[in-house]
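Student: Below is the structure I would like to discuss, written out as structure tokens.
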Amino acid sequence: MYDAPHTTERDVTQTEIKIAAKNVQVYYGDTHAIKDVDVQIEDKTVTAFIGPSGCGKSTFLRTLNRMNDTIDICRVEGDIRIDGEDIYDKRVDPVQLRAKVGMVFQKPNPFPKSIYDNVAYGPRIHGLAKNKTDLDEIVERALKRGAIWNEVKDRLHAPGTGLSGGQQQRLCIARAVATEPEVLLMDEPCSALDPIATSQVEELIDELRKDYSVVIVTHSMQQAARVSQKTAFFHLGNLVEYGETGKIFTNPEDPRTESYITGRIG
Amino acid sequence: MTDASMPTDTPRHGKSIMVADAHTKKRNASEKRFQAYGLAAIGAGVFFLLVLLGAILSNGLSAFQQTFIEVPVYLDAAKLDKNGNRDPEDLKKVSTFGYNPLIQNAILEQVQAAGIDTPLDKASEMKALISASAAAQLRDRVIANPDLVGETVDFRILAASRVDGYLKGRVQREDLARDKNIDAVHLDIVDQMRERGLLAKAFNWEFVFGADASESRPEQAGIGIAMLGSFFMMLVVLALALPIGVAASIYLEEFAPQNWFTDLIEVNISNLAAVPSIVFGILGLSVFIQFAGLPQSAPLVGGLVLTLMTLPTIIISTRAALKAVPPSIRDAALGIGASKMQSVFHHVLPLAMPGILTGTIIGLAQALGETAPLLLIGMVGYIATNAPDGLVEGFMSPNSAMPAQIYEWAKRADPAYYERAWGGIIILLVFLLSMNIIAIILRRRFERRW
Ligand SMILES: Nc1ncnc2c1ncn2[C@@H]1O[C@H](COP(=O)(O)OP(=O)(O)O)[C@@H](O)[C@H]1O
Ligand SMILES: [Mg+2]
């Protein structure tokens, strides 16, 4: 049985449901990428999506902030509620939804602008700052949340693209945090980073759990074990098993989960 | 060119890497060969470019020089102002016929005073030496400044085209038998005047800024007015093609749903880029002139036709520039709750700007050099004698354009126009070159790293 190298303290008292998905189906044209997924994601919790590549982790993650809307051939069915509100309802503007459900991508993608402008962009378009001092404060707070303030505070007007990969990713997290989202989606945020940068980002994720519901896709089981409280295992578009991270890694119910964790599939 | 398969029968183990084996030698040889082909191609290209530039410069540079005669002209009050009150209205009544004898007299006096040996002794016999435009120039000067009447003024007169040709080597004494415009006696005068410094070549700004002239006065013709025509056309093209082209590209690239209809539009735009320009000309003739009733030969119509022609170029390059912006930038913007429009205008468009500008300027440069569509809307062969006064006139009054002017000169019978056609090409090339330089500068300025 796979032995988690370091288990964070499991916070099992938190049970408030942030996102509830029922019977979710996603199709790319004729490809059935997500099959009948039911999952309940808790608030102030890090939920990890694991599974072999191509199993639909990213696809499912992107249904949660309707990023899939930007793909013409993609079709989503089923019921996904955030705080009890159906995010696929006709009245919902996906743009507004994405301000509430922030996203961090696999490859760090800062805008080719200054560090300051990267972080200030979201607050600016959402009108979160009344004036310049306000905006300065928001930027500083976000950069502190992103655990990168100390490294960039002297060069806020240097280009964000000039930072190292790990710094760029933390900048992107700060940028996502600046719009004050309630949920943070992260699609393999560390896959392009070296081990040191990875551990910095992982620490940051653990910090973020205090204020947000964090959903992280990862192909690294160690990472899932290190940062998450809940883990969902996807396989061929199905959600095979979902539960406490400790339980998934030590005592999985489904044989497919066990094979994946012990390295026989994936 | 490269050989991917390794020969299986050569055992590679245990061989020294100090000696290149047969396979490696073959590969290196083929690489060298390939580089040689490339160098040869570039060499040929550079050679032809140099030949072209050499031809253009050697044929065209002489157009910028013109032969002038410096002569003091006595402005006889008895002939120009019979009433003697210097009233500009009275002065205007004297036509160029009144000025011609004055100029011819002045030349004859100069020839005699310089002791030039010639059998000619009548003033009217000097006519062949001077440009037919001289009288009009002198008259303009007198009307602008009536006080000159009665004075002797120094006047710089354009020499006749044949005289100019003689100095430039275009007119040869052997050919005089077939030439009705000049004869050996006059050329003897020219030779002696040149020796005494009375007649010389000088830079001719009139060629750059002046108007075209009739077939019989090549020495007077300039490309300036046609340049204005081109300028107004380019204004139209820029004002229409850039916003329409960029808007269309943004819509097609970022917003349009992927269906058969957008595919159809896409195919059509690519095909439009390959449609011969004369087709756009005939379209302009029937739509803008015959149907919409816009004036013939007007730069506005020319600009509209060239806009149609330039649009596909701008759309194709703008779409390429938009495509080249990494999709991760769009995701980043959308991911923090920017709308599609915000993500395009705040992030994608600024990054695509260098490409868009380059495409636009290349499209403009193409339009600037386009002649065929202008044939059909009457912008070729029209001689505008005055610069348009004001913007509206500039767009609406008949004019020509630089390439049309060059074409016009090239087809005229008088060989003096031949050098002017080449000279016009030099000016056109200077414009194209500057546009390209502007494109490079703009691209540098807008370029950002990511
Ligand atoms: N844009 C797309 N168009 C078509 N098929 C896609 C697209 N994105 C993903 N897919 C398909 O959906 C399935 C799940 O992909 P994805 O969610 O990216 O997997 P994962 O993130 O778990 O590696 C794969 O079979 C993939 O080929
Ligand atoms: Mg993925």
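Conditions tested, residue by residue: (1) on the phi < 0 side of the Ramachandran plot; (2) modelled with pLDDT of 90 or more; (3) not hydroxyl-bearing (S, T, Y).
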residue: A:D3; (1), (2), (3): yes, no, yes
residue: A:T15; (1), (2), (3): yes, no, no
residue: A:A21; (1), (2), (3): yes, yes, yes
residue: A:T47; (1), (2), (3): yes, yes, no
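Student: Whether any residue in the stretch B:207-230 is part of a helix (DSSP H, G or I), within 14 Å of chain A (Cβ to nearest Cβ) and within 21 Å of B:L308 (Cβ to Cβ) is what I want to check.
Tutor: No, there is no match, as no residue in the stretch B:207-230 is part of a helix (DSSP H, G or I), within 14 Å of chain A (Cβ to nearest Cβ) and within 21 Å of B:L308 (Cβ to Cβ).
Student: Would you point out which residue out of A:E180, A:E253 is away from chain B (no Cβ under 14 Å) and more than 16 Å from ligand 1 (Cβ to nearest atom)?
Tutor: Result: A:E253 is the single residue among A:E180, A:E253 that is away from chain B (no Cβ under 14 Å) and more than 16 Å from ligand 1 (Cβ to nearest atom).
Student: Turning to a different aspect of this structure: Could you figure out which of (1) at pLDDT below 85; (2) touching a Leu at 6+ places or on another chain (Cβ under 9 Å); (3) under 30 Å from A:F111 (Cα atoms) isn't true of B:G394?
Tutor: Failed condition: (3).
Student: Checking the structure you have, find out if any residue of the stretch A:100-110 is assigned to a helix (DSSP H, G or I) and among the hydrophobic types (A, V, I, L, M, F, W, C).
Tutor: no
Student: Further question on the same structure: Identify the single condition in (1) within 12 Å of ligand 1 (Cβ to nearest atom); (2) within 14 Å of another protein chain (Cβ to nearest Cβ) that A:K113 does not satisfy, given that it satisfies every other one.
Tutor: (1)
Student: Looking at the stretch A:183-204, I want the residues that are under 26 Å from A:K18 (Cβ atoms) and have a partner that is aromatic (F, W, Y) and loosely packed, with under 15 Cβ neighbours inside 10 Å with Cβ atoms under 8 Å, at least 6 apart or on another chain. Which pairs are those?
Tutor: none
Residue-wise test of (1) within 11 Å of ligand 1 (Cβ to nearest atom); (2) crowded, with 21+ Cβ neighbours inside 10 Å; (3) among the basic types (K, R).
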site	(1), (2), (3)
A:E42	no, no, no
A:S53	yes, no, no
A:G56	yes, yes, no
A:R62	yes, yes, yes
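Student: Hey, another quick one. Do we find that B:E419 is more than 12 Å from the chain's Cα centre (by Cα), farther than 13 Å from B:A298 by Cβ and of a type in the set (D, E) in this structure? Don't jump to the end; show me each part of the working.
Tutor: Details: more than 12 Å from the chain's Cα centre (by Cα): yes; farther than 13 Å from B:A298 by Cβ: yes; of a type in the set (D, E): yes.
Against the criterion (more than 12 Å from the chain's Cα centre (by Cα), farther than 13 Å from B:A298 by Cβ and of a type in the set (D, E)), B:E419 qualifies.
Student: Right, here's the next one. Can you pull out the residues in the stretch A:214-248 that are out of contact with any strand residue (DSSP E or B) (no Cβ under 7 Å at 6 or more places or on another chain) and crowded, with 24+ Cβ neighbours inside 10 Å?
Tutor: Listed by number, the list holds a single entry, A:A225.
Student: Considering only helices (runs of 4 or more DSSP H) fully contained in the stretch A:145-253, which possess at least 2 residues that are over 17 Å from the mean Cα position of the chain (by Cα) and not small (G, A, S)? Even if it seems obvious, please write down each step before you answer.
Tutor: Details: elements: A:149-152, A:165-178, A:195-208, A:221-227, A:245-250.
Ranges flagged: A:149-152, A:195-208, A:245-250.
Student: If I ask for residues that are at the interface with chain B (Cβ under 8 Å from one of its Cβ atoms), in contact (Cβ under 8 Å) with a residue 24 or more places away in the chain and either of a type in the set (D, E) or surrounded by fewer than 21 Cβ atoms within 10 Å (Cβ to Cβ) (or both), which ones from the stretch A:116-134 would you list? Full working, then the answer.
Tutor: Step one: filter the stretch A:116-134 for residues at the interface with chain B (Cβ under 8 Å from one of its Cβ atoms), giving A:121-122, A:125-126.
Next, from what is left, pick out any that are in contact (Cβ under 8 Å) with a residue 24 or more places away in the chain: A:121-122, A:126.
The one that is at the interface with chain B (Cβ under 8 Å from one of its Cβ atoms), in contact (Cβ under 8 Å) with a residue 24 or more places away in the chain and either of a type in the set (D, E) or surrounded by fewer than 21 Cβ atoms within 10 Å (Cβ to Cβ) (or both): A:H126.
Student: State whether one or more residues within the stretch B:298-309 are touching a residue at least 24 places away in the same chain (Cβ under 8 Å), surrounded by fewer than 17 Cβ atoms within 10 Å (Cβ to Cβ) and among the hydrophobic types (A, V, I, L, M, F, W, C).
Tutor: Keep residues of the stretch B:298-309 that are touching a residue at least 24 places away in the same chain (Cβ under 8 Å), which gives B:298-309.
If we keep only those that are surrounded by fewer than 17 Cβ atoms within 10 Å (Cβ to Cβ) too, we end up with none.
Checked against the condition, which is being touching a residue at least 24 places away in the same chain (Cβ under 8 Å), surrounded by fewer than 17 Cβ atoms within 10 Å (Cβ to Cβ) and among the hydrophobic types (A, V, I, L, M, F, W, C), the stretch B:298-309 yields no hits at all.
Student: Shifting gears a bit: Could you list, in sequence order, all residues of the stretch A:135-156 that are within 14 Å of another protein chain (Cβ to nearest Cβ) and more than 18 Å from A:D206 (Cβ to Cβ)?
Tutor: Passing the criteria: A:I138, A:V139.
Student: Right, here's the next one. Which condition number in (1) hydroxyl-bearing (S, T, Y); (2) assigned to a helix (DSSP H, G or I); (3) more than 10 Å from ligand 1 (Cβ to nearest atom) is the one that A:T47 fails?
Tutor: Every condition holds for A:T47 apart from (2).
Student: Here is a further query. Please count how many residues of the stretch B:321-347 are assigned to a helix (DSSP H, G or I) and closer than 22 Å to A:L97 by Cα.
Tutor: Residues in the stretch B:321-347 being assigned to a helix (DSSP H, G or I) and closer than 22 Å to A:L97 by Cα: 17 in total.
Student: Okay, next question. Mind telling me which of the residues B:V190, B:V237 ends up being assigned by TED's automatic domain parsing to the domain that holds B:A135, buried (at least 22 other Cβ atoms within 10 Å of the Cβ) and in contact (Cβ under 8 Å) with a residue 12 or more places away in the chain?
Tutor: Numbers: B:V237 fails: assigned by TED's automatic domain parsing to the domain that holds B:A135.
After ruling out the rest, the residue left standing is B:V190.
Student: Would you tally the residues in the stretch A:64-93 being among the charged types (D, E, K, R) and within 16 Å of ligand 1 (Cβ to nearest atom)?
Tutor: 5
Student: Every residue in the stretch A:44-103 that is away from every other protein chain (no Cβ under 14 Å), within 16 Å of ligand 2 (Cβ to nearest atom) and of a type in the set (K, R), please.
Tutor: Listed by number, the list holds a single entry, A:K57.
Student: Quick check: anything in the stretch B:317-332 in contact with a Gly (Cβ under 8 Å, 6 or more places away or on another chain), within 14 Å of chain A (Cβ to nearest Cβ) and over 30 Å from B:F207 (Cβ atoms)?
Tutor: Yes; the residues of the stretch B:317-332 include at least one that is in contact with a Gly (Cβ under 8 Å, 6 or more places away or on another chain), within 14 Å of chain A (Cβ to nearest Cβ) and over 30 Å from B:F207 (Cβ atoms).
Student: If you don't mind, there's one more thing I want to ask. Out of A:A142, A:A129, report the one residue that is more than 30 Å from A:K35 (Cβ to Cβ) and in a helix (DSSP H, G or I).
Tutor: Answer to the selection: A:A142.
The values are calculated or read from the model by the stated rules, or taken from the named source; none is laboratory data. Please read all numbers here as calculations on a predicted model, not as lab measurements. Glycine gets a Cβ as well: all are built from the backbone with ideal geometry, and neighbour counts include every protein chain shown.
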